[in-house]
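Just so it is clear, none of the values below were taken in a lab; they were calculated from the coordinates. In this text, all values refer to a predicted model and were calculated from it rather than measured experimentally. With ideal geometry, Cβ positions are generated from the backbone for all residues, glycine too; neighbour counts draw on all protein chains shown.
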Amino acid sequence: MKSEVMLYEGKAKQIYATDNEKVVLMKYKDDATAFDGLKKGVINNKGIVNNRVSNLLFKLLENEGIETHLIEQIDDRNVLVKNLKIIPVEVVVRNVVAGSLAKRIGEEEGLTLSSTIIELYYKDDELHDPMINEYHARVMGWATDEQLKELHAQAHKINDILKAFYDSIGIILVDFKLEFGLYEGRVILGDEISPDTCRLWDKESLEKLDKDRFRRDLGKEEEAYQEVVQRIEKALA
């Protein structure tokens, strides 16, 4: 179903039209970026791992009642997904203090939060995805009250499912980003859930198994990504 017509190219993926307007083809790239694109590089086979991890986790979530955009994986890098009208509000779910949260509140990384924090960001590369709240989203028309309630409800449910799953394979789900879109009037989960969009720490060693290895010049990015997909595949085999 692949078309030569590329609809969109982002930092990590390309989106192509198909012969069905309700379906698009998403292709994962190996390109790696950080700090709003100021740092660029390549992580070998990152696209293959992210495609595999995302699809496995989406199937896990679907089995728990979360509707996702996943239709069918075509090959190592390409997947057919529902053509969503993206809600321009990114949802960040935080279970442990890390990254920008540590800087903002003056706490060291690693503090387990007494309850989950949900943050909202306006999805706009030129503005560097600024943090917003429900008032901004509502007044600017980025999301309705009902959609915001749905984003929060789904984010909490997804977090409960994924945190428990990752714990079962020896990984701490520190924080992660979610994107949602509208499909036939329903709010459903889109984009990806992968080591690119999650902070994942080994439970025993606290070794980082995510894109922070690239952000912070820690090295062994490919090995970390492979470790994540291998643990997930083994658990879901």
Check every DSSP H run in the chain and write down those whose alpha carbon atoms cover 30 angstrom or more along the long axis and whose mean Kyte-Doolittle hydropathy is -1.0 or greater. 145-168
Whether region 45-137 is rounded, prolate or oblate, judged on the alpha carbon gyration tensor where a/c under 1.5 counts as rounded: prolate
Where nothing but the Cβ of Lys and Arg (+1) and of Asp and Glu (-1) is charged, how large is the charge dipole of the chain around its Cα centre, in debye to the nearest 20? 120
Under a plain spin-label model, where a point goes 7 Å from the Cα along Cα-to-Cβ, how far apart in nm are Lys103 and Thr144? 3.7
Chymotrypsin sites (Phe, Trp or Tyr not before Pro) in region 1-75 lying in a DSSP loop, each with at most 16 other Cβ atoms within 10 Å of its Cβ, come to Phe35
Rounded to whole Å, sorted largest first: equivalent-ellipsoid semi-axes of region 6-82, Cα gyration tensor: 22, 16, 11
Qualifying GluC sites (Glu not before Pro) for region 52-149 [loop in DSSP, other Cβ within 10 Å: at most 14]: Glu64, Glu107, Glu108
At 4 °C and 1.567 mPa s, what whole-number value in µm²/s does Stokes-Einstein give for the translational diffusion of region 123-212, with Rh from the Kirkwood sum over Cα pairs? 87
Rounded to one decimal in nm, the spacing of the 7 Å Cα→Cβ label points at Met6 and Ser205 is 3.7
Work from the charge dipole of region 6-82 (Cβ charges, +1 for Lys and Arg, -1 for Asp and Glu, about the Cα centre) and give the residue of Ile71, Val42, Val53 farthest towards its positive end. Val42
Charge dipole (debye, nearest 20) of region 85-221; +1 at Cβ of Lys and Arg, -1 at Cβ of Asp and Glu: 140
How do the peptides 44-57, 91-104 rank, highest first, by the average count of neighbouring beta carbon atoms within 10 Å per residue? 44-57, 91-104
Provide the FRET efficiency to the nearest 0.05 for the Asn133-Lys59 pair, computing r from the beta carbons and using R0 = 25 Å. 0.15
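For the chain, what is the calculated [θ] at 222 nm in deg cm²/dmol (nearest 500), taking -39500 (n - 2.57) for each run of four or more DSSP H residues and dividing by its residue count?
About -10000 deg cm²/dmol.
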